[in-house]
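Just so you know, all these numbers are worked out from the coordinates, no wet-lab data involved. Remember, predicted model here, so these are calculated numbers, not experimental data. All Cβ positions, glycine included, derive from the backbone under ideal geometry; neighbour counts span all protein chains shown.
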Amino acid sequence: MRLPVSTFIAGLLFGGGLTVSQMVNPEKVISFLDITGNWDPSLAFVMGGALLVTLVGYRIVLKRSEPLFDEKFRLPTRKDIDAPLLVGAALFGAGWGLAGLCPGPALAGASFAGLNAYIFVGTMIATIFTYRFLKART
């Protein structure tokens, strides 16, 4: 499957936004998550802005009969909450809180965030392949 240039541009915009908002800075993220200590609420405004853009964007885009660069919209259909979802969310949250990074900001910041970002991204990739390997065996 060939990805259009718009995918590359969207990735650059996303990475740039993460960098400008300092979401690629683990200390900033941990300060945001530390609500009982030295709490820094500034990332709440970043997340609120992203939520607002998403809400408006979805309303505009989904009025179209089909997307610009694909034959159909590919939206999630499952709405149930099951054990894999809860475990995955808990692991994601624990990793975000411990490392101060999640996948998007880790990839965006890997070019300048130093050894911790490389360790995070390497561990993330190894985990993805391990999961796929184990899932294929079951």
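A few remarks follow.
- Taking the alpha carbon gyration tensor of segment 38-100, multiplying each eigenvalue by 5 and rooting it gives semi-axes of 29, 21, 10 Å, largest first.
- In straight-distance terms, cross-link reach from K63 covers every one of the lysines whose alpha-carbon lies under 28 Å from its own, apart from those fewer than eight places away in the same chain; here that gives K72, K79.
- Segment 5-137: proportion of alpha-carbon pairs further apart than 17 angstrom, %: 71
- For the peptides 11-19, 43-51, 82-90, the ranking by packing is 11-19, 43-51, 82-90, with the highest mean count of neighbouring Cβ atoms within 10 Å listed first.
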